[in-house]
Amino acid sequence: MRIGLFITCLTDTLYPDTGKAVVAVLERLGHQVDFPAGQSCCGQMHFNTGYRREAVPMARGFAAAFAGYEAIVTPSASCAAMVRDYHPVLAEGDTAFARDVAAVTPRVHDLSTFLADVLGVTDVGAYFPHRVTYHPTCHSMRMLRVGDAPLRLLRAVRGLDLVDLPDAETCCGFGGTFAVKNKDVSAAMCADKVAAVRQSRAEVLCAGDNSCLMHIGGALSRMRTGVRTMHLAEILASGESR
Amino acid sequence: MTAQPGNMPTYLGMPAFPDAARKAVADSQLRRNLTHATTAIRVKRAGAVAELDDWEQLRQAAKAIKDHTLANLDTYLLRLEESVTKAGGRVHWARDAAEANAIVTGLVRGAGSRGVVKVKSMATQETGLNEALEAAGISPVETDLAELIVQLGHDRPSHILVPAIHKNRAEIGELFRAAMPDAPSDLTDDPAQLAAAARAHLRQAFLSAEVGVSGANFAIADTGSLVVVESEGNGRMCLTLPRVLISVVGVEKVLPSWRDLEVFLALLPRSSTAERMNPYTTIWTGVAPGDGPSEFHLVLLDNGRTATLADSVGRQALRCIRCSACLNVCPVYERAGGHAYGSPYPGPIGAILSPQLRGVSSPIDSSLPYASTLCGACYDVCPVAINIPEVLVEQRARVVEDHKHYSERAVFQLSAYVLRSPRRLAAAQRLMSSGRFVAGRSGRIRRLPPPLSGWTDTRDAPAPPPESFRAWWARTRGGSS
């Protein structure tokens with residue numbers, strides 16, 4: 001299977017270790033992966049803030065960069081959902097563009113469902129002897145509908161102590177530009193999420209999206225909680241040798 | 001009727017959402033009241049919905065019925081008018097809030113009455129009917145307990161179903177002692193005592209009222225029947241005791257037939273109050289001699305609805321049955337409270353409905369589409385499957401088109417210029433990596449200039465890594481793509 005990695009602009013720029021972890025996990029399972037250098041950003045921030053015209057070239061770039069891959073795998077359910085649900089909207093009225101978009105969108109998977117549902121693997125051979133709690137990000141739950149795929153993967157990690165996060169399904173208050181445009185409400189939501197993380201007594205907060213982790217992690221660090229954040233891919237890539 | 005934007009006169013001049021929300025977030029008593037109330041109803045709703053294994057089918061059926069009705073609204077409205085007229089009622093058409101208020105004021109005057117008793121009604125909140133009646137020397141009395149609390153406190157409703165959700169019983173007790181003339185002097189904060197005081201206060205109004213004013217949850221085109229769903233029974237008093245009944249109803253409330261009603265009577269109580277069935281459902285058809293009001297007027301209100309119907313994405317907001325489930329699950333509503341939305345329609349549905357009905361020209365209406373993290377909890381619980389996040393992002397595009405926020409536009413255009421090109425993105429990444437020393441040894445950035453200071457006021461920002469993923473890939477796997 002020809003797998004194209006869609007690393008996303010945020011992970012590419014600020015969290016390269018997550019990208020390396022995706023590569024490590026898929027290669028450990030015997031797959032060959034490729035990083036099409038023509039990729040940049042899916043345009044979610046622009047689209048979701050109302051700047052649709054600016055997002056159009058990004059959707060075009062995505063369809064061009066990933067044409068021909070059998071599977072497009074990304075460590076962001078939010079960006080995957082953007083591509084699946086809204087790239088067709090951006091291509092409305094342009095037949096050739098819409099055809100290109102329709103060719104790639106069904107092949108886009110976030111890492112957790114690609115592993116657990118497409119490949120049918122939950123034990124990826126990881127070892128991570130820490131107390132971890134999992135925050136199900138909104139777009140993974142309610143747009144991409146990943147279900148319990150991330151939890152099945154975490155439960156199969158040797159040594160990992162998975163603890164419940166109170167009110168897990170409540171949004172952390174990130175919301176892209178919401179975090180700045182409505183900073184007071186955003187900060188209030190984040191403070192409640194931080195309180196829930198502390199209540200869980202976890203050492204590590206895990207999620208499948210670096211944007212949400214950047215938000216909650218930024219508050220965990222500001223409040224000197226000592227709780228680390230880690231992308232699901234990085235936990236799955238952990239082994240005794242690392 | 002020609003399509004035109006509506007208005008909600010009482011709410012003109014509201015500040016933008018973030019400004020109003022800031023005050024609410026700082027009010028710890030308000031946050032406690034809201035969290036307590038919304039958490040309780042949220043948990044109960046989930047239980048009530050889980051009892052039905054065909055919930056999703058019901059939801060899809062409701063969506064289909066509403067979509068069909070809205071697509072054929074002209075047909076069903078004319079059928080409704082014919083049925084109501086045949087049953088002895090009179091139908092009036094109101095293009096906007098001012099016309100609706102003028103029609104109702106004229107009817108009350110014509111009945112020779114100086115006061116009306118009111119059933120809880122969103123449509124008359126929307127038109128600002130109470131203020132219009134007062135200006136004409138007519139006293140409206142809200143008879144829904146929570147609406148009465150709001151009216152006595154010269155306050156505004158902050159929730160569709162529970163208008164006084166922002167008040168706790170201590171605050172309500174204090175208000176009754178101060179503002180309800182016939183409240184017992186030894187009234188405590190005990191809910192039973194508070195309810196008894198309100199009951200005694202309202203009983204007089206019910207028995208003496210000449211005119212009742214209501215909205216309706218549904219209007220059945222085939223028979224001309226109107227339906228009000230409520231919990232207290234005060235609505236039924238208003239609908240049956242006065243001589244004249246005037247119902248102000250949004251045009252989107254029409255349903256083709258009784259069979260359609262069945263679906264909604266299953267969805268609405270479970271979604272709104274988490275009950276299998278609500279205590280009082282009143283259905284009336286025109287007038288019946290010797291039974292209930294002898295004069296019935298139906299005022300059909302447009303106020304921006306037909307303009308909304310012309311919007312292919314936004315028209316789904318007209319499916320709304322005002323259940324409030326989206327408010328109760330919304331993390332933004334829970335923290336910002338209902339008043340910040342500057343409309344009788346708060347929460348996620350208000351964030352799409354108010355800009356739909358009023359346009360996006362005012363500060364409040366252009367900020368409402370952004371009053372959401374797009375978390376999607378509202379869409380999941382909506383009994384008529386309104387994809388609120390989809391409408392929000394559609395409206396954001398409209399705001400960007402209509403408003404010239406030059407500095408924001410420049411930022412987004414520049415960032416798009418960089419982000420759409422892998423080459424420019426790589427260059428920006430190298431620039432950021434070379435500037436990573438600003439983070440210091442902690443690897444965390446604690447302060448950024450505006451507008452990003454909005455982030456770093458309460459959250460650290462990550463320092464850029466020494467090497468982007470793209471650079472790592474090129475260095476280690478070079479040229480394999």
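What follows is calculated from the coordinates using simple rules that are stated; it is not laboratory data. Quick caveat, the model's predicted, so the values are computed rather than measured. Every residue, glycine as well, gets a Cβ built from its backbone with ideal geometry; the counts of neighbours run over all protein chains shown.
Per residue, what volume in Å³ does the convex hull of the Cα atoms of the protein assembly as shown enclose? Measuring per residue, one finds 160 Å³ for the Cα hull of the protein assembly as shown.
Working value for the stretch B:53-162: equivalent-ellipsoid semi-axes of 30, 22, 12 Å, each the square root of 5 times a Cα gyration tensor eigenvalue, largest first. Summarising the amide proton neighbourhood of residue B:225: residues at separation of 5 or more, or on other chains, whose placed amide H is nearer than 5 Å comprise B:220. Of all aspartates and glutamates in the structure, those lying under 20 Å Cα to Cα from residue A:20, and not within fewer than 8 positions of it along the same chain, are A:12, A:34, A:110, A:123, A:209, A:234, A:240, B:467. Between amide H atoms placed 1.01 Å from N, distances below 5 Å from residue B:116 occur with B:139, B:141, all of them 5 or more places distant or on a separate chain.
For residue A:177, no residue whose modelled amide H falls within less than 5 Å of its own remains once neighbours fewer than 5 places apart on the same chain are excluded.
The stretch between residue B:413 and residue B:447, if pulled fully straight at 0.36 nm per residue, gains 9.8 nm over its current Cα-Cα span. Each Cα pair of chain A feeds into the Kirkwood radius, which the Stokes-Einstein equation turns, at 20 °C and 1.002 mPa s, into a diffusion coefficient of 118 µm²/s. Measuring between their Cα centroids, the stretch B:89-130 and the stretch B:181-231 lie 18 Å from each other.
Residue pairs exceeding 22 angstrom between C-alpha atoms, taken from B:44/B:253; A:181/B:404; B:86/B:120; B:120/B:253; B:118/B:253: B:44/B:253; B:86/B:120. Between the alpha-carbon centres of the stretch A:35-60 and the stretch A:83-129 there is a gap of 16 Å.
Based on DSSP H segments of at least four residues, each scored -39500 (n - 2.57), chain B has a per-residue ellipticity at 222 nm of -15000 deg cm²/dmol.
Summarised in one figure, the compactness ratio Rg/Rh of chain B, Cα atoms and Kirkwood Rh, is 1.05. Sorted from greatest to least, the principal axis extents spanned by the alpha carbons of the stretch B:128-222 come out as 49, 27, 26 Å.
Using the alpha carbons alone, the radius of gyration of the stretch B:335-464 stands to its Kirkwood radius in an Rg to Rh ratio of 1.07. When Rg and the Kirkwood Rh are both derived from Cα coordinates, the Rg/Rh ratio for the stretch A:3-118 amounts to 0.96. Partner aspartates and glutamates whose Cα lies under 14 Å from the Cα of residue B:23, excluding those fewer than 8 positions away in the same chain, are identified as A:184, B:334. Normalising the average separation of contacting C-alpha pairs (under 8 angstrom, six or more residues apart) by the number of residues puts the relative contact order of chain B at 21 percent. Separation of the stretch B:313-359 from the stretch B:16-68 is 10 Å, based on Cα centroids.
Computed from the Kirkwood radius of its Cα pairs, the Stokes-Einstein diffusion coefficient for the stretch A:131-237 at 10 °C and 1.306 mPa s stands at 115 µm²/s. The GluC sites (Glu not before Pro) of the stretch B:102-172 include none that meets both criteria, a DSSP state outside H, G, I, E and B (loop) and at most 15 other C-beta atoms within 10 angstrom of the site's C-beta.
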